[in-house]
Amino acid sequence: MSLRANSYFNLALCILLWASIPVASKKILAELNNIQMLFFSTVFSALALGALVVGQRKATSLVRYSLRDYARLGGLGFLGAFLYYVLLYGAFARTSAAEGFVLAYTWPILVSLLAVPLLGQKLSALRLIAIAISFCGVAAVVTRGRMLEFQMENLAGNLLALCGALVFALFSVLGRRAAYDLTLAAFVYFCTALVCAGASILIQGQLPLPSLSVWGWILYNGLLVNGVSYLFWFRALEHGDTFVVSNLLYLTPALSLPLVRFFLNESVEWSAVSGLTLIVFGILVQSWPKLAASTRSQSPHE
């Protein structure tokens, strides 16, 4: 298998795992709240990523980071590995799995908006069109297709999903300025999330033990979805075209819809499908110039 083919094989495994986030979340949230779910899952995520750090012989590099580095990584971890998942799992607890996940995938469009004040980027006409298309998709999802009436269904859950998307977009924009080893950064992110989730559990004063079946989903979510998946992601980035690989991630919410239907027996509204189509189309419109340039730059003999 060529390096490029291996890259896309790892990407496919990563997409498959991340597409199962709504299923695993719904199964776990049947017995736990969002904070409890995050705490248990993050224990195993931190262990999995820690093992990856040791396996790659990078553990000694952790002592080379300064307090300022850890403060920066901790801040990013609070956003991307703690607050984002608190909001996402909170959304899944209040709305359908399909709606929550589709709305959470609006973050690439929100990155374009945040990049204007935070990175000094300009909004081109193409980006404005892309944003308008994607927000039509958001409107289709939150109104269940009744856009002219604009009667929002599952308001609390939808708002949590959109807030989660905003937080992850902020994490992505700020993360562009952090030039750290990806494996070490992910490990610190989830260690930060574990500390924050643990503190939240102490404040709540409740930590019920889930049933054996839910433990299976917690292990799956912690070890694979938020753990081993990062190994696949890093390998995909290592030998694949970064821009193409990143854009193929938008297949994730599309793949999640049949998984939701099969494992959760939830009906997938046509408004979710049409909304997802508009959101992804808007993202691709925004990305088209770079995608076309990346395609032209690839040699036919690679």
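The values are calculated or read from the model by the stated rules, or taken from the named source; none is laboratory data. Nothing here was measured: the structure is a model prediction, and the numbers come from that model. A quick note on method: Cβ atoms are made from the backbone with ideal geometry, for glycine too, and the neighbour counts reach across all protein chains shown.
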For residues that are of a type in the set (Gly, Ala, Ser) and part of a loop (DSSP other than H, G, I, E, B), scanning just region 156-210, find the one that is modelled with the lowest pLDDT. ALA178
For region 11-57, which residues satisfy the criterion of being farther than 23 Å from VAL195 by Cβ, in contact (Cβ under 8 Å) with a residue 24 or more places away in the chain and within 17 Å of the chain's Cα centre (by Cα)? LEU11, LEU13, CYS14, ILE15, LEU16, LEU17, TRP18, ALA19, SER20, PRO22, VAL23, LYS26
Scan region 228-256 and report the pairs whose first residue is over 17 Å from ASN6 (Cβ atoms) and whose second residue is not in a helix (DSSP H, G or I), with Cβ atoms within less than 8 Å and a gap of 6+ or a chain change. TYR250/TYR105; THR252/TYR105; PRO253/TYR105; SER256/SER20
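For region 259-267, check the following and say yes or no: at least one residue is part of a helix (DSSP H, G or I) and of a type in the set (Val, Ile, Thr). Walk me through how you get there before you give the answer.
Initially, region 259-267 is screened for residues part of a helix (DSSP H, G or I), giving 259-264.
If we keep only those that are of a type in the set (Val, Ile, Thr) too, we end up with 260.
Taking every residue of region 259-267 in turn, at least one turns out to be part of a helix (DSSP H, G or I) and of a type in the set (Val, Ile, Thr).
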Kindly evaluate LEU52 against the criterion of being surrounded by fewer than 22 Cβ atoms within 10 Å (Cβ to Cβ), under 30 Å from LEU202 (Cβ atoms), of a type in the set (A, V, I, L, M, F, W, C) and in contact with a Leu (Cβ under 9 Å, 6 or more places away or on another chain). yes
Would you check which residues across region 64-111 are closer than 21 Å to ALA178 by Cα, surrounded by fewer than 23 Cβ atoms within 10 Å (Cβ to Cβ), touching a helix residue (DSSP H, G or I) at 6+ places or on another chain (Cβ under 7 Å) and among the small types (Gly, Ala, Ser) and list them? GLY74
Identify the single condition in (1) free of Cβ contacts under 8 Å to residues at least 24 places away in the same chain; (2) under 14 Å from the mean Cα position of the chain (by Cα) that PHE82 does not satisfy, given that it satisfies every other one. (1)
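Filter region 72-123 down to the residues that are of a type in the set (S, T, N, Q) and touching a Gly at 6+ places or on another chain (Cβ under 6 Å) and list them by number. Spell out the reasoning first.
Going through region 72-123, the residues of a type in the set (S, T, N, Q) turn out to be 95-96, 106, 112, 121.
THR95, the sole residue that qualifies.
Residue-wise test of (1) in contact with an Asp or Glu (Cβ under 7 Å, 6 or more places away or on another chain); (2) over 23 Å from ILE279 (Cα atoms).
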| position | (1), (2) |
| --- | --- |
| VAL195 | no, yes |
| ALA199 | no, yes |
| VAL214 | yes, yes |
| LEU237 | no, yes |
| TYR250 | no, no |
| GLU266 | no, no |
Filter result (touching a helix residue (DSSP H, G or I) at 6+ places or on another chain (Cβ under 7 Å) and either hydrophobic (A, V, I, L, M, F, W, C) or without any contact (Cβ under 8 Å) to a residue 24 or more places away in the chain (or both)) within region 257-272: LEU257, LEU259, VAL260, PHE263, LEU264, VAL268, ALA272
Selection status of VAL195, farther than 21 Å from ALA104 by Cβ and without any contact (Cβ under 8 Å) to a residue 12 or more places away in the chain: yes
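This table checks each residue for (1) crowded, with 16+ Cβ neighbours inside 10 Å; (2) over 23 Å from the mean Cα position of the chain (by Cα).
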site	(1), (2)
LYS122	no, yes
ILE129	no, yes
VAL141	yes, no
ARG177	no, no
ILE203	no, yes
LEU209	no, yes
